[in-house]
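Novice: This is the structure I want to talk about, given as C-alpha cells.
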Amino acid sequence: QVQLAESGGGLVQAGGSLRLSCAASASGTMFAISAMGWYRQAPGKQRELVAHITSGGSTNYGDSVKGRFTISRDNAKKTVTLQMNSLKPEDTAVYYCNADIITQSWSLISSWGQGTQVTVSS
C-alpha cells in the first residue's frame, strides 16, 4: 500500500510563507505516480483544489491561490511540494496531499495523505 507523508504545516502570520512537502512510499511494492496535487479543507467547508501537477509538469491552480502558490514535483524522489507565499487568513485549512498511483497491475488508485494544518493569523 502506498503511503503519502506530508510535512511543513504550521502557524504563520499573514503575508508570510510556508512550504509543504509530500513524499510517497511503499514497502515491498513498486509503483508509479501519475498526477499529484494539494487540496485543502477549512472548517465547515468542502475540500477544494489548491494546486495540481501532471507527471509531465503541467500545473493547475485554484483561483484563490493563483500567483501566490507554486506546486512542483520530483518524479525520481516521488515527492510534491507546495510553496505558499503571501499567505492570508483565509488560507487557513487542513492541507491534503493527493496522488494518482499506478500499481504493478496497472490499476489507478487515488491516494491521500493524513493532512497537515496550516494556520494564518491576521
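The values are calculated or read from the model by the stated rules, or taken from the named source; none is laboratory data. All of these numbers come straight from a predicted model, not from anything done at the bench. For neighbour counting, all protein chains shown are included, and Cβ atoms are generated from backbone atoms with ideal geometry for every residue, glycine included. These accessible areas exclude ligands, DNA and RNA; they are computed on the full protein's heavy atoms, side chains included. Shrake-Rupley method; radii C 1.70, N 1.55, O 1.52, S 1.80 Å.
Novice: Relative contact order of the chain, please, whole-number percent, based on alpha carbon pairs below 8 angstrom and at least 6 residues apart.
Specialist: Worked out over the chain, it gives 35 percent.
Novice: Within the accessible area of the chain, what % is carbon and sulfur when the probe is 1.4 Å and the other protein chains stay in place? Could you put the intermediate results ahead of the total?
Specialist: Values: 3170 of 6560 Å².
That share works out to 48 percent.
Novice: ³J(HN,Hα) across the stretch 49-59 via Karplus (A = 6.51, B = -1.76, C = 1.60, θ = phi - 60°), whole Hz, x for Gly/Pro?
Specialist: 5, 9, 7, 9, 9, 7, 5, x, x, 6, 10
Novice: If you take the alpha carbon radius of gyration of the stretch 56-115 and divide it by 2.2 N^0.38 Å, what ratio comes out, to two decimals?
Specialist: Against the empirical 2.2 N^0.38 Å value, I get 1.32 for the stretch 56-115.
Novice: For Lys78, list the lysines whose Cα falls under 25 Å from its own Cα; do not include residues on the same chain fewer than 8 positions away.
Specialist: Lys66
Novice: Would you calculate the separation in nanometres between label points at Lys88 and Ser122, each defined as 7 Å from the Cα along the Cα-to-beta-carbon direction?
Specialist: Each label point is offset 7 Å from its Cα along the Cβ direction, giving 1.2 nm.
Novice: With a cut-off of at most 16 other beta carbons within 10 Å, and DSSP calling the residue loop, which trypsin sites (Lys or Arg not before Pro) in the stretch 22-122 qualify? Please list them.
Specialist: Lys45, Arg47, Lys66, Arg68, Lys77
Novice: Alpha carbon centre of the stretch 75-122 versus the stretch 39-60: separation in Å?
Specialist: About 7 Å separates the Cα centre of the stretch 75-122 from the one of the stretch 39-60.
Novice: Using only alpha carbon pairs under 8 Å that are at least six residues apart, calculate the relative contact order of the stretch 38-88 and give it in whole percent.
Specialist: After rounding, I find 24 percent.
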